[in-house]
Amino acid sequence: MQFPKLAAIIGSLSAMVLATPTPDLPVATRALPQIRLCKDAQYKNCINKDVTVGTCQDLDKSWNDAISSIDFHTPDVGTCVFYQDYGCEGDHVESDYNDDDHIANLDEYGFNDQISSFICDGVA
């Protein structure tokens, strides 16, 4: 009788199905990392900005050359470089999630109201 052999095969297949890893969620369903961009020093008058890791992001006109402080909401933004010009060009300043004060006042870096674009590497 082949019943024991069939039961063993079914049991093996069941174990393989249960051990198969589930696929990662599509990027669209995962929460994006965020930074907080503020028009005033000491994290006042702020917005939370979604970060697409590894992609240069230009700021819209209302935030271009208007940022005075930057804070990190999630460690998965990694290190971010903030540029003076669109297209992640020109002078820049960088910060990351592990910096103690993040950037409470860009004036201390000589970079107040000068940011037009940024890119984050996602390496925490």
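What follows draws every value from the coordinates through simple rules; no lab data is involved. Values in this document were obtained by computation on a predicted structure and should not be read as measured data. When we count neighbours, we look across all protein chains shown, and the Cβ atoms used for this are built from the backbone with ideal geometry, even at glycine.
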Please sort 113-119, 70-76 by packing, taking for each peptide the average over its residues of neighbouring beta carbons within 10 angstrom, highest first.
113-119, 70-76
Can you tell me the Rg and the Dmax, both Å, for the Cα atoms in the stretch 26-120?
12.2, 40
What's the extension gain from Asp40 to Lys61 if we count 0.36 nm per residue and subtract their Cα-Cα distance?
5.9 nm
Suppose each label sits 7 Å from its Cα in the direction of the beta carbon; what would the Asn112-Asp50 distance come out to in nanometres?
3.3 nm
